[in-house]
Amino acid sequence: MLKSSLLLKLIFFITFFFWTTKNGSAQELRALDHYLNEVYHNHVIPGFSVVVVNSEGYLYAKGFGKERLNLATPFTKTSVNAIGSLTKSLTALGIMQLVEQGDLELDVPVVQYLPWFRTANKSMSDKITVRMLLNNTSGLKASPEPIYDVSDRALEKLVQDLQSTFITKEPGMAYEYSNLGFSIAGYLLSEVSGLPYAEYLDKRIFSPLGMKNTSTDPARFDAMGALEGHYHGIEHAYPASRERQFESGEYIPAGSFTRSTAEDIGKYLIALLNEGRYGNIQVLSSESINEIWSPNISFPGLTLEEGGDDQPIHYGLGWMLSEIESRKIVHHGGSTGKMSSMTMIDLTNQIAVTVLANLDLTFIDQYQYPTIYHIANNILHITTGGSATSFGRPTIADPSQNDFELEPAEVEKYLGDFVQIAGGDFWVNFGLSLHIKRQSGQGLEAIVTRGKDTITHFELDFASPSAAIGRNMAIPQRLQFKLTPNGKVKGLFCSGTEYSRINEQRRQHFKSVNIKDSINLSIPNTWELQETPYGFVVNDPENASTRIQGYVKDTSKSGDIDTRSNVISDAESNQSQWFSLRKGEFVWKHQSILNSKKGEIGIHTTFISEMSHVPVRFEIASKSEIHTLILQEVMIPLLNSLRILR
């Protein structure tokens with residue numbers, strides 16, 4: 001009688017033989033495994049997973065590397081990774097389900113389903129149809145700044161706030177990739193179906209397909225073991241941590257939250273290749289699948305210099321459509337700055353692949369490393385008996401290379417600390433500090449941090465005294481230094497983010513304090529701190545009318561907060577509207593009230609954190625003649641320095 005271990009091996013071999021000979025040869029799968037092992041060992045990806053399917057089931061599903069660089073847990077086909085903008089295809093699928101039910105029509109204006117829907121130029125927004133939201137021709141810009149709200153009303157508030165946004169392109173006429181358009185589509189899906197977006201996807205897509213480890217709900221991420229990914233460094237990546245204060249429910253339908261596994265995405269792809277059917281479940285008709293995979297609009301594809309063929313890319317409904325090396329390919333990527341995904345469906349050979357990576361390979365330096373697009377395309381080639389190609393790899397040298405050398409005597413002026421003051425991609429570049437230092441050898445390097453996280457680390461390759469290229473494993477970053485007439489560095493621009501050099505003399509006049517082991521911030525050395533049951537009070541001993549009150553409890557409970565100051569009188573006041581402000585790691589709403597009491601004018605300004613996970617509130621009161629000075633010299637440095645203690 002065979003031993004149990006030998007019997008198991010025999011059963012596995014027989015199963016593998018019939019499986020591979022029916023769906024793809026064992027030789028092809030061995031070649032694929034060899035290729036992916038080479039990718040892992042020659043790349044900088046900490047970990048990734050791959051799934052390949054056809055209409056009948058899985059052909060290949062495997063993980064490589066680690067889930068997190070500082071841990072030993074292997075990355076597997078069940079590791080929970082971000083899928084980013086692949087979520088757009090799920091939003092489109094949900095909309096098409098409602099179309100099939102007769103609850104929606106693609107070419108009907110959105111305003112017919114949401115009568116109050118409008119932008120500042122209503123005549124333009126009235127033209128936006130459901131289809132335009134799904135094919136990126138609505139005329140709406142990519143994304144306004146989020147308000148970092150994870151409440152059930154986040155989507156609704158986003159759509160309502162569009163009344164102050166202008167559309168500058170004729171709806172339906174031009175392509176512009178728009179996260180905002182898909183968020184509106186997700187809100188429309190919710191309103192018409194009567195279910196919150198996350199619940200709709202759970203009940204109508206994830207559960208029927210058996211995608212048990214897929215969710216758009218951040219409240220489930222810890223229990224799911226969802227990964228947080230990594231940021232780019234010079235030679236290695238940096239593990240990222242979850243930053244709840246930056247989470248926003250506004251862009252879930254566009255891909256800000258969705259987490260899944262290679263195994264789960266495989267089920268989704270099997271259904272799409274099987275005319276919308278998975279087992280006994282029909283999630284969408286074949287007619288609707290043909291609709292979402294039909295070209296609506298086109299835009300330029302990869303050029304010959306980029307390793308492409310100069311052929312246009314078309315956009316359907318939540319999917320891109322291309323002809324790549326004589327094959328009809330439906331595809332969509334996803335990028336979060338920390339993780340990435342790429343899905344390709346080869347309609348010519350009727351197979352599909354998804355790659356999930358815990359590093360953003362969409363924005364990897366394509367002159368050094370293969371992109372996730374290139375890797376996915378080669379997986380399709382190899383699985384169908386072909387060889388890896390160079391499609392998607394640049395055919396020219398990096399054009400940002402240069403021969404300029406910074407004079408050694410000039411190096412010193414670039415050293416120091418800089419803090420973000422404006423701009424940047426809000427998904428990643430927000431609340432940042434940048435430190436420039438000497439490299440261990442020659443040259444300079446910069447480290448960008450937010451709190452305890454290293455967001456990116458790169459070498460500086462100067463092209464001129466005021467311009468440099470930041471080089472690491474990601475796409476080269478362009479830096480422009482702000483120089484004074486006498487050549488001093490006062491700030492810089494990097495990746496659309498503006499930084500200002502920290503004034504060391506000013507910083508010496510501040511001290512760092514911890515409040516109730518909850519927050520850390522900086523206040524003037526001469527100011528006095530006193531903790532209260534709900535937070536603290538900071539007083540200027542030289543000016544009795546000036547003080548800052550801070551609250552670190554639930555700021556939504558007005559009973560906990562004394563909103564009156566020693567210069568405020570209800571007898572006569574003028575109140576401003578609420579404004580939004582980004583300082584340090586946080587988004588704030590702020591409002592000022594002008595008061596008069598016995599002929600003395602005072603101003604009281606309130607700052608409230610916009611992040612639901614960080615309930616912090618500040619109120620600053622002073623005489624009107626010094627209020628602006630206090631805001632600039634005390635309050636702004638305080639907001640920039642604020643850190644939540646983890």
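Any read-out appearing in this document is the output of simple, stated calculations on the displayed coordinates, not a laboratory observation. The shown structure was predicted, so the numbers you read here are calculated from the model rather than taken from an experiment. Note that we place each Cβ from the backbone using ideal geometry, even for glycine, and neighbour counts take in every protein chain shown.
Taking the chain as the reference, fit the longest principal axis to its C-alpha atoms, fit the long axis of helix 26-42 to the helix C-alpha atoms, and give the angle between the two in degrees, 0 to 90, nearest 10.
Helix 26-42 and the main axis of the chain meet at about 30 degrees.
Need the full-extension length gain, Gln101 to Gln311, defined as separation in residues times 0.36 nm minus the C-alpha distance. One decimal, nm.
71.9 nm is the gain from fully extending Gln101 to Gln311.
Please report the net charge: other residues with Cβ closer than 13 Å to the Cβ of Gln97, K and R +1, D and E -1.
Within the 13 Å Cβ shell, the charges total -2.
Mean residue ellipticity at 222 nm from the helices of the chain, using -39,500 (n - 2.57) per DSSP H segment of n ≥ 4 over the full residue count, to the nearest 500 deg cm²/dmol?
That calculation yields -6000 deg cm²/dmol at 222 nm.
Give the order of Asp360, Asp517, Asp161 when sorted by the count of other beta carbons within 10 angstrom, beginning with the fewest.
Listed from fewest to most nearby Cβ atoms, that is Asp517, Asp161, Asp360.
Using alpha carbons only, how many angstrom separate the centre of the stretch 280-307 from the centre of the stretch 46-64?
21 Å
Mind checking the angle between helix 179-193 and the chain's longest principal axis? C-alpha axes, 0 to 90 degrees, to the nearest 10.
On a 0 to 90 degree scale, this one is about 80.
If I model a spin label at Ile636 and Lys516 as a point 7 Å from the Cα along the Cα→Cβ vector, what separation in nanometres do I get?
2.9 nm
If the cut-off is 25 Å between C-alpha atoms, which lysines fall inside it for Lys328, apart from same-chain ones fewer than 8 positions away?
Cα-Cα hits under 25 Å: Lys22, Lys88, Lys267.
Which order do the peptides 491-497, 106-112 come out in when sorted by mean C-beta neighbours inside 10 angstrom, highest first?
Peptide ranking by packing, descending: 491-497, 106-112.
I'd like the Karplus ³J(HN,Hα) series for the stretch 57-65: coefficients 6.51, -1.76, 1.60, θ = phi - 60°, whole numbers in Hz, and an x wherever there's a Gly or Pro.
Per residue, the Karplus-derived 3J(HN,Hα) values read x, 6, 9, 7, 8, 7, x, 9, x Hz.
How large is ³J(HN,Hα) for each residue in the stretch 515-522, as worked out from phi by the Karplus curve 6.51 cos²θ - 1.76 cosθ + 1.60 (θ = phi - 60°), to whole Hz, x for Gly and Pro?
Listing the rounded values in order: 10, 6, 6, 10, 9, 10, 7, 10 Hz.
Long-range amide H contacts for Ile519: which residues qualify at under 5 Å (H placed 1.01 Å from N, peptide plane, sequence gap of 5 or more or a different chain)?
Leu645
Equivalent-ellipsoid semi-axes (√(5λ), Cα gyration tensor) for the stretch 45-383, whole Å, largest first?
Equivalent-ellipsoid dimensions as semi-axes: 29, 23, 21 Å.
Could you calculate the FRET efficiency of Asn70 with Ser624 from 1/(1 + (r/R0)^6), where r is the beta carbon distance between them and R0 is 45 Å, rounded to 0.05?
Efficiency at R0 = 45 Å is approximately 0.30.
Measure nothing but the geometry: give the 0 to 90° angle between the long axis through the Cα atoms of 262-273 and the longest principal axis through the Cα atoms of the chain, rounded to 10°.
60 degrees
What are the semi-axes of the equivalent ellipsoid for the stretch 313-355, taken as the square roots of 5 times the Cα gyration tensor eigenvalues, largest first, in whole Å?
Computed over the stretch 313-355, the values are 20, 12, 8 Å.
Using the 10 angstrom Cβ neighbour count as an exposure proxy, how do Met342, Met635 rank, fewest first?
Met635, Met342
Pop the C-beta distance of Ala463 and Ser500 into the FRET formula with R0 = 25 Å and round what comes out to the nearest 0.05.
Efficiency computed from Cβ-Cβ geometry: 0.70.
Tally Lys/Arg at +1 and Asp/Glu at -1 over every other residue whose Cβ is under 15 Å from the Cβ of Ala120; what's the total?
Computed value for this residue: +3.
Please enumerate, by chain and number, the lysines with C-alpha under 17 Å from the C-alpha of Lys338, excluding those fewer than 8 residues away in the same chain.
Excluding near neighbours in sequence, the set is Lys66, Lys452.
Quick check on the exposure proxy: order Glu633, Glu407, Glu306 from fewest to most C-beta atoms within 10 angstrom.
Glu407, Glu633, Glu306
List every residue whose amide H lies under 5 Å from the amide H of Val80, counting only residues 5 or more places away in sequence or on a different chain, with H placed 1.01 Å from N in the peptide plane.
HN-HN under 5 Å from Val80: Leu227.
Tabulate in residue order the Karplus-calculated ³J(HN,Hα) for the stretch 347-361, using 6.51 cos²θ - 1.76 cosθ + 1.60 with θ = phi - 60°, rounded to whole Hz; enter x for Gly and Pro.
Using θ = phi - 60°, the values come out as 6, 5, 9, 6, 9, 9, 9, 10, 10, 10, 10, 8, 8, 6, 8 Hz.
Suppose we take every Cα in the stretch 250-303 and form the convex hull; what volume per residue is that in Å³?
157 Å³
Mind pulling the per residue volume of the convex hull built on the Cα atoms of the chain? Å³ is fine.
So the per-residue Cα hull volume is 199 Å³.
Can you tell me which of 201-208, 392-399 comes out highest on packing, and rank the rest after it, using the mean Cβ neighbours within 10 Å?
Answer by packing, highest mean first, reads 201-208, 392-399.
What does the convex hull of the Cα atoms come to per residue for the stretch 45-114, in Å³?
149 Å³
Provide, for q = 0.14 Å⁻¹, the log10 of I(q)/I(0) from a solvent-free Debye sum over equal Cα point scatterers in the stretch 205-325.
For the stretch 205-325, the Cα-only Debye profile gives -0.91.
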